[in-house]
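Colleague: I am attaching a structure below and will ask some questions about it afterwards.
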Amino acid sequence: MNFIENRLFRIATRVFVGIIFIVSAVLKILSMDSFEIYIYSFGLLKLNTAFYFARLVVSLELFLGVLLLLGFYARKAILTSILILFLFSLFILFLLLDENSEHCHCFGDFVELSHMVSVAKNLFLIVLLAFCYPLSSTKLKYKKYISLFLLIVSISLPIIISPPDSFMHQFYANKISYNQSQLDEYLAVNQHVDGKKIICFFGATCRFCKLASKKISVVLQKAGKDELVHYVFFGNSSEIDLFFEETNTSIFPNSIIPVSDFLKITDGQMPLILLMENNQVIKKYGYRDIDENEIIEFLQN
């Protein structure tokens, strides 16, 4: 292979990896709800911090992809991309050792890769990037200013397309409702949910109920109060078994009520999460306005 062919092949390789990075970032943005909860599920970050960290990861991936695609600061972009892929691979290996079977959301919810396939994919991309490392950068007037603009766009895009829930917290909170009289009827015949409890009304097949369950599960672990939650479902037992399997959470105490009763209590909304004390509602949440600090304070006081 002569010099020109070799150079063209390296450029094509760099562009290919850049497109993979961009596609990965875009698919994460389009399924940001799942990705941010996946980040939060490890319990290392507070809920709002996980929202921003998830978007920061996507922004970095998007920015590196664009730099690779355009050939801007090629050597630095390639080395940084190799480092990121290496760190992602170490993270996936940790998941394997921890026997965490949930896929790592490399391509959001659209393509689910096993841990071993994800590691193989990362190693393949590292080899491609290493091959095209000596490639020089694209020479362009005002490249520095264009790169700065691209960085701003990369940081802004995930926030604009999928704003963090904290941006609209009060708006979402004001939209949550329930039927008090129907709730009272339910509580009157279900004495096992009295005292201090978090009662979660979930549809067994509802996507946002599953995501809310992941949030609640992490909050309960942080508070050390797993016993103070009760899930109320509509659905059948097989759907509920699948619910806990898909959310990869503990099987909390739960019960099933007819769908008509469920919809009357929740005013047709789901999920509905109620902080209860002595059969009185202290706080109500939907999916997007769950407040980690409020719930932990409620449970621990």
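Colleague: Of LEU79, LEU60, LEU68, which residue is closer than 26 Å to THR138 by Cβ, buried (at least 20 other Cβ atoms within 10 Å of the Cβ) and at pLDDT 90 or above? Working first, answer last.
Modeller: Values: LEU79 fails: buried (at least 20 other Cβ atoms within 10 Å of the Cβ); LEU60 fails: buried (at least 20 other Cβ atoms within 10 Å of the Cβ).
Every option except LEU68 fails the conditions.
Colleague: OK, next. Considering segment 209-253 alone, what residues qualify as being polar (S, T, N, Q), on the phi < 0 side of the Ramachandran plot and at pLDDT below 90?
Modeller: Result: GLN221, ASN236, SER237, THR247, THR249, SER250.
Colleague: Only one of (1) aromatic (Phe, Trp, Tyr); (2) in contact with an Asp or Glu (Cβ under 8 Å, 6 or more places away or on another chain); (3) surrounded by 18 or more Cβ atoms within 10 Å (Cβ to Cβ) fails for TYR172. Which number is that?
Modeller: Single failed check for TYR172: (3).
Colleague: Being within 19 Å of the chain's Cα centre (by Cα) and in a helix (DSSP H, G or I), is that true of even one residue in segment 117-124?
Modeller: So the first thing to find is which residues in segment 117-124 are within 19 Å of the chain's Cα centre (by Cα), and the list is 118.
Next, only the ones that are in a helix (DSSP H, G or I) stay: 118.
Yes, the conditions are met somewhere in segment 117-124.
Colleague: Just to verify a result, which residue in segment 101-116, among those that are charged (D, E, K, R) and either part of a helix (DSSP H, G or I) or touching a helix residue (DSSP H, G or I) at 6+ places or on another chain (Cβ under 9 Å) (or both), is surrounded by the fewest Cβ atoms within 10 Å (Cβ to Cβ)?
Modeller: Initially, segment 101-116 is screened for residues charged (D, E, K, R), giving 102, 109, 112.
This time we only want the ones that are either part of a helix (DSSP H, G or I) or touching a helix residue (DSSP H, G or I) at 6+ places or on another chain (Cβ under 9 Å) (or both), so: 102, 109.
Working: GLU102: 14, ASP109: 17.
That would be GLU102.
Colleague: Sticking with this structure for a sec: What's the number of the condition LEU187 fails, among (1) at pLDDT 90 or above; (2) assigned by TED's automatic domain parsing to the domain that holds MET270?
Modeller: (1)
Colleague: Is one or more of the residues making up segment 162-177 at pLDDT 85 or above, under 23 Å from the mean Cα position of the chain (by Cα) and among the aliphatic types (A, V, I, L, M)?
Modeller: Yes, because at least one residue in segment 162-177 is at pLDDT 85 or above, under 23 Å from the mean Cα position of the chain (by Cα) and among the aliphatic types (A, V, I, L, M).
Colleague: Answer yes or no: is there a residue in segment 71-89 that is in the same structural domain as LYS141 (by TED's automatic domain parsing) and closer than 28 Å to ILE216 by Cα.
Modeller: The first filter runs over segment 71-89 and keeps only residues in the same structural domain as LYS141 (by TED's automatic domain parsing), leaving 71-89.
Filter once more, keeping what is closer than 28 Å to ILE216 by Cα: 88.
Yes, some residue in segment 71-89 is in the same structural domain as LYS141 (by TED's automatic domain parsing) and closer than 28 Å to ILE216 by Cα.
Colleague: Residues being assigned to a loop (DSSP other than H, G, I, E, B) and farther than 16 Å from TYR40 by Cα: count how many of those fall in segment 80-100. Lay out the reasoning, then the answer.
Modeller: First pass over segment 80-100, keeping only residues assigned to a loop (DSSP other than H, G, I, E, B): 98-100.
With the extra rule that they be farther than 16 Å from TYR40 by Cα, the set shrinks to 98-99.
So the count comes out to 2.
Colleague: Right, something else. Does segment 154-206 hold any residues that are part of a loop (DSSP other than H, G, I, E, B) and of a type outside the set (A, V, I, L, M), and which are they? Give the derivation first.
Modeller: Initial filter on segment 154-206 (part of a loop (DSSP other than H, G, I, E, B)): 162-164, 176-179, 189-190, 194-195, 204-206.
Result: SER162, PRO163, PRO164, SER177, TYR178, ASN179, ASN190, ASP194, GLY195, THR205, CYS206.
Colleague: Kindly check whether there is at least one residue in segment 33-50 that is in contact with a Ser or Thr (Cβ under 7 Å, 6 or more places away or on another chain), small (Gly, Ala, Ser), crowded, with 18+ Cβ neighbours inside 10 Å and outside any helix (DSSP H, G or I).
Modeller: Quick first cut of segment 33-50, residues in contact with a Ser or Thr (Cβ under 7 Å, 6 or more places away or on another chain) only: 48.
Next cut, small (Gly, Ala, Ser) only: none.
The answer is no; no qualifying residue exists.
Colleague: Just to be sure I understand, how many residues within segment 219-271 are assigned to a helix (DSSP H, G or I) and not hydroxyl-bearing (Ser, Thr, Tyr)?
Modeller: Our first condition is that a residue be assigned to a helix (DSSP H, G or I); within segment 219-271, this holds for 219-223, 226-228, 237-247, 259-266.
If we keep only those that are not hydroxyl-bearing (Ser, Thr, Tyr) as well, we get 219-223, 226-228, 239-246, 259, 261-265.
The total comes to 22.
Colleague: Also, I was wondering about something else. Among the residues of segment 253-291, which ones are without any contact (Cβ under 8 Å) to a residue 40 or more places away in the chain, touching a Leu at 6+ places or on another chain (Cβ under 9 Å) and either assigned by TED's automatic domain parsing to the domain that holds LYS46 or among the hydrophobic types (A, V, I, L, M, F, W, C) (or both)?
Modeller: ILE282
The values are calculated or read from the model by the stated rules, or taken from the named source; none is laboratory data. Here the structure is a predicted model, which is why all the values come from computation and not from measurement. Note that we place each Cβ from the backbone using ideal geometry, even for glycine, and neighbour counts take in every protein chain shown.
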